[in-house]
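Read the structure below first, then the notes.
The values are calculated or read from the model by the stated rules, or taken from the named source; none is laboratory data. Since this is a predicted model, take the numbers as computed values, not measurements. In this analysis, Cβ positions are derived from the backbone assuming ideal geometry, glycine residues included, and neighbour counts consider all displayed protein chains. Keep in mind that these areas ignore ligands, DNA and RNA; they rest on the heavy atoms of the full protein, side chains included. Shrake-Rupley method; radii C 1.70, N 1.55, O 1.52, S 1.80 Å.
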Amino acid sequence: MGDPFKRKVKPRASWDEYFMKIAMIVAERSTCRRHHVGAVIVKNKRILTTGYNGAAKGIKDCMELGCLRDEKDVESGKNHEICRAIHAEQNAIIQAGLHGVNIEGSTIYCTHPPCILCAKMLINAGTKRFITYGEYPDKAAQKLLKEADVEFIKTEKPKKEINVLD
């Protein structure tokens, strides 16, 4: 018979896994019918802002109206301007601006790689690292991040489980 005080300890999540799992939870708020995307901006191991993809404040979203991109058979990564949604990264940057939070030198954890528009915004906001597990067809964004010395890291998708002692 073993020691009754000895407990089975589950592995502790790394910081990257921890923040990426939070981005996955943030993505659950998405109102997009194609992709649920979540973003978490972090600096010094502290969450600064979060964002998910969805319609602008006060307007109807695609869950209510349907997806214009689907109706027009627009492929992923093309014609962003016809979409009602704001990207998760954009929303996280906007939240920082609204609340006076400096994100210069930060890391962004995002469920999907950025589009070229988000990449440009993140560069100008001073982001230093972009960490993702997802896929996105816009490879130009990754080239732009590299040119601006923003580290792009592709990781494994975290397991969809929460490891806590019962």
Note to self: with every protein chain in place and a 1.4 Å probe, the chain gives an accessible area per residue in Å² of 64
In the stretch 45-166 the accessible area split gives carbon plus sulfur, as whole percent at 1.4 Å, a share of 50
Candidate cut points under GluC sites (Glu not before Pro) in the stretch 90-163, DSSP loop plus at most 14 other Cβ atoms within 10 Å of their own Cβ, are Glu104, Glu135, Glu156, Glu161
Computed for the stretch 118-166: size of charge dipole around the Cα centre, +1 on C-beta of each Lys and Arg, -1 on C-beta of each Asp and Glu, debye to nearest 20, value 160
For Lys120, the aspartates and glutamates lying under 19 Å Cα to Cα, once residues fewer than eight places off in the same chain are dropped, come out as Glu81, Glu89, Glu104, Glu135, Asp138, Glu147, Asp149, Glu151
Farthest towards the positive end of the dipole of the chain, among Asn44, Leu65, Thr111 and with Cβ unit charges of +1 on Lys and Arg and -1 on Asp and Glu, lies the Cα of Asn44
